[in-house]
Structures are given as C-alpha cells and as structure tokens.
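**Student:** Sharing a structure, written as structure tokens. Questions coming.
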There are 4 protein chains.
Amino acid sequence: MLIIMHVNSTEEQIERVKQKIQKLTLTPHVIPGRLRCAIGITGNSGPISPDHFKNLPGVVQCLPVTKPYKLISREVRQEDTVIDLDSVRIGGKEIVIIAGPCSVENEIQIFTIAEKLAKMGVKLLRGGAYKPRTSPYSFQGLGEKGLKLLASVRDKTGIKIVSEAIDSESLDMVAEYVDIVQIGARNMYNYSLLKKVGQLNKPVLLKRGLSATLEEFLMAAEYIVCQGNFQVILCERGIRTFSDYSRNTLDMNVVPTIKQISHLPIIVDPSHASGDRKTVLPLARGAIAVGADGVIVEVHHEPENALSDGAQSLYPMQFKQLLIQLNQIASIMNRECSLQR
Amino acid sequence: MLIIMHVNSTEEQIERVKQKIQKLTLTPHVIPGRLRCAIGITGNSGPISPDHFKNLPGVVQCLPVTKPYKLISREVRQEDTVIDLDSVRIGGKEIVIIAGPCSVENEIQIFTIAEKLAKMGVKLLRGGAYKPRTSPYSFQGLGEKGLKLLASVRDKTGIKIVSEAIDSESLDMVAEYVDIVQIGARNMYNYSLLKKVGQLNKPVLLKRGLSATLEEFLMAAEYIVCQGNFQVILCERGIRTFSDYSRNTLDMNVVPTIKQISHLPIIVDPSHASGDRKTVLPLARGAIAVGADGVIVEVHHEPENALSDGAQSLYPMQFKQLLIQLNQIASIMNRECSLQR
Amino acid sequence: MLIIMHVNSTEEQIERVKQKIQKLTLTPHVIPGRLRCAIGITGNSGPISPDHFKNLPGVVQCLPVTKPYKLISREVRQEDTVIDLDSVRIGGKEIVIIAGPCSVENEIQIFTIAEKLAKMGVKLLRGGAYKPRTSPYSFQGLGEKGLKLLASVRDKTGIKIVSEAIDSESLDMVAEYVDIVQIGARNMYNYSLLKKVGQLNKPVLLKRGLSATLEEFLMAAEYIVCQGNFQVILCERGIRTFSDYSRNTLDMNVVPTIKQISHLPIIVDPSHASGDRKTVLPLARGAIAVGADGVIVEVHHEPENALSDGAQSLYPMQFKQLLIQLNQIASIMNRECSLQR
Amino acid sequence: MLIIMHVNSTEEQIERVKQKIQKLTLTPHVIPGRLRCAIGITGNSGPISPDHFKNLPGVVQCLPVTKPYKLISREVRQEDTVIDLDSVRIGGKEIVIIAGPCSVENEIQIFTIAEKLAKMGVKLLRGGAYKPRTSPYSFQGLGEKGLKLLASVRDKTGIKIVSEAIDSESLDMVAEYVDIVQIGARNMYNYSLLKKVGQLNKPVLLKRGLSATLEEFLMAAEYIVCQGNFQVILCERGIRTFSDYSRNTLDMNVVPTIKQISHLPIIVDPSHASGDRKTVLPLARGAIAVGADGVIVEVHHEPENALSDGAQSLYPMQFKQLLIQLNQIASIMNRECSLQR
C-alpha cells in the first residue's frame, strides 16, 4: 500500500498518517518526492483496506502495490532517485565514471593512479581495502591502512572514495572513511550486512550476485531501502553462465529492465564482467548505450604488477580513450559527462 | 598451416601449391585477400613441416595456425570479410539493419510490413517460411508458399530477403528464393546442414546456439567455410542462463571478442534475446556500441495478432525511432547507416 | 482431447471415431493399452467439444488434455510403455544396460569390445558410425562401413545394435542396419529429423539437448510420437551449466519427474555427463537408484587409444564391477538385471 | 608443503617443526592422523624448499602440495575425516540422516516433529531459527527463542541439533545452543563468517553456494579448516541452472568427485534441490548410491501449514519410507544406517 499525500500536505498530516500505520502494527516509510511526498507501508501479510487512510487530512490517494519489491519500485516513486555527492550526482543527467585499481596496494600505487585519474576529470575513485578472495591464502587487502591511504588521496586530490565492506566490522571502518560503501557480488545475499548498510546515512553501491535473479537483486536493494537508506546505486557486473571465454556474462538487458521497474540508479562494471582489458572499452560503450547511469572501471598504472585482477585493468591511456568515447555516447543519450578531455 | 603468397604470385604458382598440398592428402583452401592471396591447409592431424612449401615459387611465408578454428581466423585473413549484396554490404563501413516479422503469415501481412520498411530505407527483410517450433502442434510456417510471397515482395519493393532453412529439403527451396539463407540457433549443431550451406554460393546468416560456447559457435562457422562458402554472417541472439526475466541473456561481449578472433561479420538479434519489445531498442543501441556490424529486428504492423513472437515485435513507429538512434550511434562508431529518416 | 474406448470396443467403432475426428480436420492417434484403447486428438488450436464423440458407440469418456505434451503424457496412457526387442525389454521390470565404444573404429576394436560385453551378458551394443563433432577436422565416423561392422557383430554375437543418425541420409542407412536408432543431444531440436524417425517402425533413443528444458525434451519426444512411432526411449545425459569440473551436469531429478509425467522409458548416460571414467560408476548407481530404466555406458578395451571420448570410457574390468553393483541396486528397486556375473 | 612426521615422533619434535615454520613467517597446521601426524604449511606465495625441514628430528618426508586447497585435500590427509558426536558419527561407516522442518515455528510444531523423528531413530534434528529470506518482509525466524526451543527438544528427546547461523551475532547464539552449526548456501562466499566458524570447536555443516564451482566450494571449506576447525561437513544442495522445473539442479557428480579430492564428509540435501516433495525420496536414494555420507531432509507434520518451504517437506509417513529405502541402499554400499525400522 502506498499513500500519496497532497502537494501542500503538512508535516503534521504526514505524522498522523504514520501514527495510524503504526497503530495497525505496520511500518511506515516516508518517501520524499520533488512535488509531493508518499508513504509506503510494509509489514502486512495480506492487502490493507484503504478505508483506514482515505479520509485522513492531506491524503490524496491509497494505491495497492502489487510487486514483491515495494519501496524501490516506480509504483511507489516515479521520479528517478538522484544521489548527490556535491561534486557529482549519480542517477541524474550526468554519466558517472568510477575508476581505480582493484586493490589499494601501497601509497605510491594509489597516489599515482588517483592523480592520473583526477587530472582526467574523474571524481570517484574505487580501490579495495578489504578483499573477499576465493583462497584464504591470497592477498586479503590492506584493511584500515588502505582506507587511510584512500582518505589521504581524497584530501590531496578532492576525489571521492568508493570502497567495499565485507562484514559488520569492516563496514564500521569503511563507512568512516569513504563516500560510497560498496557491497560486493559475494555479499548480495548477506542480508544481515544489507540491513546494516540500510541504517547508514551514506550511499551504497550494491553489486548483483553471481547467480542472482532480477527479483533477488531488487529485493536485496529493498533490504537496504526498507531500513531507511534510499541512497542505493545498483551495479550489474556479469552473471555466471556456461559461457567460459569471459569471466562472467554481462547481462546488459537488466539495465533498461530495471530502469522500467525501479527509480534507483544503475551502473555497469565491464571490468569484472569481462576479465580481460581487451573488451572493457566496447562493453563500457554498450553500457551507456543501453541506458546505464555510469560505469565502474578498473585502471592500474602497472597492471602487470597488480596484486589482483591485473588482466582486466586498463592502462591509463586506454582509460582516456574510454572517457572520450563514453562522452560521445552520452551526448547521443542526451546525457552529460563532465570530464576533461 | 597457412601459406602466404607473393603480391604478384601467378595463378600457376597458386595451382602448384594446391597440388603439392593435395599430394600430401590434405585439403587446400584458397583465401583471396585485397593485396595477396593465402592458402590454408586442413586435414592434417599434427603439425606440417614448412619444408614442403617454402621453396616453391611465389611462396613468401609458411605460418602455423594454432587455433582449432582456422579459415575463419584472423590469423588466416587479417582484413574483414565484407559480403556484397549490390544494394547493401555486410561487414563493411555500413551498419546493416535486417527487419521484418517472425513468420510470413499471408500476402497482406508481408506486403504491408515490407512496404513500410522499404519506405524507411530498409534493404533486408526477414520473414520465416519454415519455423522450428517447440510444439509439433504449433504453426510451422507457410513453406514454399511463404517463400513465393517473399520473392514477390522483393520483385515489387527491391528489398532483399533473409529466410531460414531447417533441413536439406527446405534448404534447396530457401536457397532458390532468398538472398541470405538463415541457419537458426536450434540448427547450429546440425553439422550436416552446415556442410550443405557450405556448398552454396549464397551468404549465410548463422545464429549462435542456445548453449553454444564461443568455440563451438566459431567451429560451426568453420564447418561452412571449409566447404568453400566464405560468406558467413555470425549472429548473437542470446544464450540460455538461469536469468529468467528475459527470454535469453544477450552475451554482448561475444561481439568484440569475435571481432578480435575472426574476420567474419557479426550482427545481433535483440528481439529473440529479449523476448519483450520494451527492451529491444536499448539492446539494439548497445549492440552497435559494442561494435556489431548490424542488427536483425522483428517488426510487425499488428504484433498483437502475430502468429508467433508477437510480444517481441516492434511497432513500425518504434522501429523508426530505432533507426534514428542507431544512425546516431553508428556515426560515433565511425560507421554509416544509409537509411532514410 | 482423449477419447477412451470401451474394453470391448470393436475395430469398427474405433474406425468410426477416427473418421469423425478427420471430418473435423483434426488428427486421430490410436493409442493401444493393455485393457482398452484410447484415441488422442491433435491439430486443434482451442478446446474441442466432447459432444462430437460422447454418443458414438464404444466411447466411454472424453477427457480434455491440459499439457502441451499430449501423446507422451500419462494423462493419455497410464501404463508404462515397454519396448520389446525379443531378447530385451526396455521400460519393463528389467534394468537395461547399453554398452560399447563411442565410435566404431575398426573390425578388431568393435569385435574385441562386443565379445567381451556379450560374454558378460550385455544385450545391447552402442557404437557410433556417424559422429557429430565440434570440429570439421575431427574424425567423423566410419559411416556405412561402421554400420556394416556393427551388423556383422550382431550376426556373430546376437547382441542388438544402437547407433546414431545425424541427418536424413544417415537415418535411412542407420535404420537399415540397427535395432535402435539414436538421436543425439545436438539433434534434439532438429524437428525435421524427429519427424522422420517418427515415421520409422523402429525404437528411437532420444537424448536430451544440452540446454533443453524439461518441456522442450518432452515436446521433442512428442514430435516423434505424433508421427505414429510410440517406441521412444528418453535419455538424460547431462546439461550445460556453469559447473566446469565435469563435462556436463547430470540432472538426476529429471528421471523421477518424467516418470510422473510420461509413460515413456527413460535411461541415463553417465559417461557423457561426467566426461571422466572415475565417476561413471557412482553416477550409474545413482541413476538406477533414482528410478531410471537403464544406463548407456561407454566401454573400450583400450581407452587410451580411442579415437574419441577415451577419458570417459570404462575399462572392461570396471564395467564388470558396474554390472555387479547395478544388479544389487536393481534388486532393491524391485527390478531385474539379467546379466551374467 | 606438507611435512610427514614419524609414527613415533614426540610432541617436542612437532613443536620444533612448528617453530621453524613460524620463523619463516609462515603458518603451521598440525593435522593428526590415525598413525602419524602431518604438519601443513600455508602463507607461502611460492614453493618452499624442503631443505628447511628434512633434517629436523622426527621428520620423515616433505611433500609439495599442488592444489589451491591444501588442508582439506587427500594429499594432506588420506584417511576420511570422521566427526564424532557421541550418538552419531559423520563420515564413518554409518549413513547419517538429518531431518526436521525448514523453520522452528512454535513449541507444539517442533516437539511434534522431533518426537516423531526420534521415535523413528533419527539422531539429528534440523530446524532454522535464523532464516535468510529473499524478501525483507518474509518470516525471518524466531531467533534465540527458536534456539531455546531446539535446546529443550534435545533435553527431552536426546536428539542432536543442527541450525543455521547467518552472521557474527547469530553465530555466537547458535554455537551456544546447537551441536552442528550450519552455514547456508547464501553465506558460502561470506568469508568473514567462515573464518569465525573456523575458530569454533564445533562441527560445521557447509552448504554449497548456488553458483559455486567445485573449487570455490572446497576453498570455502579451506577457509574454515585453516583457522583450526577440521570438523567440516560439506553439503551439496543443488545449483542454479537454466533448468526450471525443479528449484535447483542437484549436481550428484560432486559427491564422488569430492570423495576423491578431499577427506571431508559430504552429504546431500534433496529437499532444497528439488523444491517438491514428490522427488525428494528418489533423490535421497540416488545420493546414497553415488556415495554420500548422508542426507539432510525436510520433514513437517503439517507441510500445508508450514511457514516456509512447505511444498518440499515430507510427511512423516513418507519419511519413514525414505528411511527404509536408504537402509537398503546403505547395505549395498557396505554402510550402516542404524535407524529403527
């Protein structure tokens, strides 16, 4: 059930609706829009009668919500969600480019890469400090030391930071240092972690699980949003299929499909999808052309020496080319890409 | 083994190399290039010594070929294969658009659609006369009657015809009437049929099988080419995965990957990949942006009454929009799309 | 629609029902049962009124059939289909073991293997004369020469022959020489070939396609049966998934599921599913334990020299062990396995 | 690297090897065997020279370990790991049956089911108190209240308890109350949680992830074992494939394959694999026949009223049949199944 409020509804009226919902032992979710606000209801097992609300002051309409995903649905909020990070807005007119190495390896590495990227106009730096690795014997990331390096990169260059949290402990740490908290593909089903990022007041980049259906992906976002954090950026990064020439199979169709279902922004990770830098550039172009709000791309100044994922990391020169090409595609899509050329 | 001939090598010299190959009970394949010709050798189980050929007149170099696919490989022919159909060239600078209904249903239907498409500048019409259907009780196509309708459409509009052959019998029929013979996804492993189209002197549109690996797809093309027919157009149309919101999962990455491996043109079928007209347009844009040589798209003037695949068929108005958008993407890709707007 | 006839209905009465069906431009399929006969109707697009038939003499009941598969369904025939080959009955109480090499390679090879198998009590020999191979440059089978060798093996040992047809031409040949015609996984979607084997009066072993859904598999059988050939043996041989440690993923669940839906016998091919002889034996045990009517297993006297699929071929000694173990499982399943020990 | 100690090596000698390893800044893992002990080394990036150890007293041999999984490998420990829970031993001669409802719902439910199972001889009860659910709005389990009910069931019936932990918080709780901690499929990639259960002194039931490769599954176990907890029971529960008639595709082949690679016990969950009680029984039989050490099966006294997974829960009568049949298969496999009949 979604309750649509008047354009001029007062805070008092909204409060009254919330109280009425709570009295029914259900949960209200206030969803602010540009013109008017709506109030979503969750916690019901069956349908709720609109009679409870339709005569309350300020209420315009009571709409049933028919999908399993509620708060992330366009039924509940028609306008696109735009996440504002001062220097960059995600999900708006601008195409967003997140770039950087797979892992923070050391001071020289991260500063070298970040400065190259900042000079090209990149405003969001990726870099893992906590790495979920298939082998317990592989490099697991620098941990807090890596986060501190990222923070000092931000201090020096002004670039904003995206980094992954892999559990409750690292989440506290990551949330303290970064601008966007990433939840990786392996943790998309980690509902306890999703609930916790749902309680942050910080944007979350949620990657699709290796074998997640569309519905599971959207429900993972719902787990975050229903805790109160609406700042979720979805990310398609390839799914696991029989096709073995690439690391994963990038499911491009999910982009326009999600755009129809949900108001959340969605970006694409061509680097993990491909696993080979040779096809990262065309996949990035394809992503913008199908309607993605941006891409997240791995770049390393010395990929052959990278501690992880070197084969899929672009050289800085290749990344520059990517920027030029994405700018061109963006203009056709009626979008902007405010990078230096 | 690939034998590279001099720019000025004579027919006689080429003939002599061929005879030498045949004497070793192997098979020569003459592969003409823009500048010079090369001669591929197949039929060997192990490596062949270059000593047999290196001193023959006209021979420049003897290269070992290391991949299982030989004749379709860029190792063997570096330039792109371009298939010339007079009014349209596939694999060249121009982006190719093939459009039309899933099946030929009757005279009014096919003429109505074809005339609309021809007016928009479409030069290649698709339309099935033989339909491989999951159920023996479903509409199986009009057969030869359908092919005759397609031929009369060509006579009237000048549009070229693409239609599917499903077995030896229909192949004889289809090859007589159409300009490009289509081999559908279900027949990609039908090696007997592939050998037969390999003996035609007619372009072949080869669709990737539902569960074909990259190597299997390329080897299916090799089956055709090694019979002498180099006019093969590859087509990615989505693979079968766990992902169930779309009919298939379009594997976009295959396009730039194949462009690196093979000289054959490759197009994309967003209609069968999606199964829902709502995402055909963005997928078509994505296809051109990743580097495809064209798209094949289902269009119907009354999709709600189509005998097959109505849900994925575009309305003519939507198709017009697609043309405009693909033109824009093509220009960024440094390609042309010579359709009327 | 299924028309159930009286236990004592006459041929004349059956004929009259058939004529009535044909008058409605539909197709009758007479399905003999142990007690009584039923007549299936296909060719209708919507439901048929029972009024046409319910008053005809000999008609007991008119049942609507709700599934897309009709004639292969238990709705239409409750008793198990048993295929009788004199020395062996498939789908009955007996567990059936088909064994032999992947390909017929030469006289010594096929006689050596067949004699070893016959001595162990095996009554059905597999061996490919026409091989669908991924590469056009791989060994494609001995063709008719291979079929002749198989026939002479039968003459000498009394063992019955199972061999694959890959197209119309080879079908004519194969059908002439063998006792059971095999349609391989790659041809499961080759509906033209299915129709042709549907017109044979010979048992057909139909393998599930690499990416065939349950419904597609059953509909492929329906293609055969609706042409009049009810002697179809289904075969699960593993499907294509992301799981890469084995050649395919054996979908054991399909066995009990099909047993509930269809009256056709179903066997399992653990050799192609695994790709490695080390797990063929346990998978064969599992197959009988889930309720399969038998197994088809690759055996070679010198697997290391096999022209195809050596890694998955059992040594004769391993096969003997397999026989002993399957006998034990069969007895628990209340089935027989009449092999020599 | 694996260091094999003398049958009569002393604690002092073992200690000295450990110290030597630590001096190289590597990690020693003492692996006790029936006859002798071995010491695994992890933490090295490249090969280690045996020269460091071969002359130390008590050392018999220094073996390189070539697989990415080390401690769980048969290279490191040839004998089967047997987990001893007093009343029941997992991985030994006995076939283990774990049964119970998907979720603990209330006192009457769990006592009713547990008592029926105990009477039939079941020694291990499953029942979820913390449930990872796709929707944040679905029943999430009773939490600690559920664990207390399970503990009181154990007090009354003597049955041992298996229940799932979904995060650090629930792990502390679950480990306090239960006998075997379950890590569900959705958490197989949750390496932080795996490390934590690796520090418990309690058996762990580790389910394979929905899209986990064999190597990823084994490496997840390695995460636990390398923390010191060798009591890991692997569980195959079906993988995600295109095949849509069942909830998942049970990958039976993984059982004999893992038995060859690893010394850890492995059981099968036919209930989650199938999703439909109609095929749970045959799949359970198949599991024992391919060599699994047991099964975990959902049983509910009123499946139609279950709060989760009712469709796949067996009725107690069906479960009784399952016991009888598994007993028979076990005897053929030369194993025991000490349940009442």
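The values are calculated or read from the model by the stated rules, or taken from the named source; none is laboratory data. Nothing here was measured: the structure is a model prediction, and the numbers come from that model. Heads up, the Cβs are rebuilt from the backbone with ideal geometry, glycines too, and the neighbour counts pull from every protein chain shown. Note: areas computed on protein heavy atoms with side chains; ligands, DNA, RNA excluded. Shrake-Rupley method; radii C 1.70, N 1.55, O 1.52, S 1.80 Å.
Yes/no matrix, rows are residues, columns are (1) within 30 Å of the chain's Cα centre (by Cα); (2) of a type outside the set (Lys, Arg):
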{"position": "A:6", "(1), (2)": "no, yes"}
{"position": "A:18", "(1), (2)": "yes, no"}
{"position": "A:41", "(1), (2)": "yes, yes"}
{"position": "A:44", "(1), (2)": "yes, yes"}
{"position": "A:74", "(1), (2)": "yes, no"}
{"position": "A:83", "(1), (2)": "yes, yes"}
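**Student:** Continuing with the same structure: Residue by residue through the range A:254-298, note down the ones that are within 21 Å of residue A:222 (Cβ to Cβ) and polar (S, T, N, Q).
**Tutor:** Those that are within 21 Å of residue A:222 (Cβ to Cβ) and polar (S, T, N, Q): A:257, A:260, A:262.
**Student:** Can I ask one more? Using the structure shown, decide if residue C:276 is acidic (Asp, Glu) and in contact with a Gly (Cβ under 7 Å, 6 or more places away or on another chain).
**Tutor:** no
**Student:** Still on this structure, please answer the following. Do you know which residues across the range A:297-341 are open to solvent by less than 10 Å² (accessible area, probe 1.4 Å), closer than 30 Å to residue A:140 by Cα and either among the aromatic types (Phe, Trp, Tyr) or in contact with a Lys or Arg (Cβ under 6 Å, 6 or more places away or on another chain) (or both)?
**Tutor:** Matches in the range A:297-341: A:312, A:314, A:319.
**Student:** Sticking with this one: Among the residues that make up the range B:28-39, is at least one of them charged (D, E, K, R), in a loop (DSSP other than H, G, I, E, B), within 28 Å of the chain's Cα centre (by Cα) and closer than 17 Å to residue B:262 by Cα?
**Tutor:** yes
**Student:** Please tell me if residue A:121 is within 14 Å of chain D (Cβ to nearest Cβ) and either of a type outside the set (D, E, K, R) or touching a residue at least 12 places away in the same chain (Cβ under 8 Å) (or both).
**Tutor:** Details: within 14 Å of chain D (Cβ to nearest Cβ): no; either of a type outside the set (D, E, K, R) or touching a residue at least 12 places away in the same chain (Cβ under 8 Å) (or both): yes.
In short, no.
**Student:** Just a yes or no: is a residue in the range C:139-160 closer than 30 Å to residue B:218 by Cα, polar (S, T, N, Q) and in contact (Cβ under 8 Å) with a residue 12 or more places away in the chain?
**Tutor:** No, that holds for no residue.
**Student:** Restricting the range D:214-228 to residues that are more than 7 Å from every other protein chain (Cβ to nearest Cβ) and in a loop (DSSP other than H, G, I, E, B), which is farthest from residue A:135 (Cα to Cα)?
**Tutor:** We begin by selecting, within the range D:214-228, every residue more than 7 Å from every other protein chain (Cβ to nearest Cβ); these are D:215, D:217-218, D:220-221, D:224-225, D:227-228.
Remaining after also requiring in a loop (DSSP other than H, G, I, E, B): D:227-228.
Numbers: D:227: 13, D:228: 16 Å.
For the range D:214-228, the residue satisfying everything is D:228.
**Student:** Here is a further query. Tell me which residues, restricted to the range A:40-49, are in contact (Cβ under 8 Å) with a residue 12 or more places away in the chain and either assigned to a loop (DSSP other than H, G, I, E, B) or charged (D, E, K, R) (or both).
**Tutor:** A:43, A:44, A:47, A:48
**Student:** Those residues that are more than 20 Å from residue D:90 (Cβ to Cβ), aliphatic (A, V, I, L, M) and open to solvent by 10 Å² or more (accessible area, probe 1.4 Å), I need them from the range D:247-285; list them, please.
**Tutor:** D:281
**Student:** Turning to a different aspect of this structure: Which one of C:283, C:314 is modelled with pLDDT of 95 or more, more than 19 Å from the chain's Cα centre (by Cα) and over 22 Å from residue B:209 (Cβ atoms)?
**Tutor:** Residue meeting the stated conditions: C:314.
**Student:** Here are the criteria: (1) surrounded by fewer than 22 Cβ atoms within 10 Å (Cβ to Cβ); (2) assigned to a helix (DSSP H, G or I); (3) within 13 Å of chain B (Cβ to nearest Cβ). Tell me which single one residue C:194 does not satisfy.
**Tutor:** Exception for residue C:194: condition (1).
**Student:** Here's another thing I want to ask about it. Suppose the filter is assigned to a loop (DSSP other than H, G, I, E, B) and at pLDDT below 95; does residue B:199 pass it?
**Tutor:** Taking the combined requirement at face value, the residue does not satisfy it.
**Student:** Using the structure shown, decide if residue A:20 is in contact with a strand residue (DSSP E or B) (Cβ under 9 Å, 6 or more places away or on another chain) and either at pLDDT 90 or above or more than 28 Å from residue A:203 (Cα to Cα) (or both).
**Tutor:** For residue A:20, the condition - in contact with a strand residue (DSSP E or B) (Cβ under 9 Å, 6 or more places away or on another chain) and either at pLDDT 90 or above or more than 28 Å from residue A:203 (Cα to Cα) (or both) - is met.
**Student:** Right, something else. Since residue C:90 meets every condition but one in (1) touching a Pro at 6+ places or on another chain (Cβ under 7 Å); (2) modelled with pLDDT under 95, which condition does it not meet?
**Tutor:** Condition (2) is where residue C:90 drops out.
**Student:** Whether any residue in the range D:82-98 is touching a strand residue (DSSP E or B) at 6+ places or on another chain (Cβ under 8 Å) and over 30 Å from residue D:30 (Cα atoms) is what I want to check.
**Tutor:** yes
**Student:** Taking the range C:202-213 as the search range and keeping residues that are in contact with a helix residue (DSSP H, G or I) (Cβ under 8 Å, 6 or more places away or on another chain) and assigned to a loop (DSSP other than H, G, I, E, B), which one is farthest from the other protein chains (Cβ to nearest Cβ)?
**Tutor:** Among those residues, the one meeting the criterion is C:202.
**Student:** Being under 23 Å from residue C:139 (Cα atoms), β-branched (Val, Ile, Thr) and not in a strand (DSSP E or B) is the filter here; which residues of the range B:1-27 pass it?
**Tutor:** If the condition is that a residue be under 23 Å from residue C:139 (Cα atoms), β-branched (Val, Ile, Thr) and not in a strand (DSSP E or B), then B:21, B:25 are the ones that fit.
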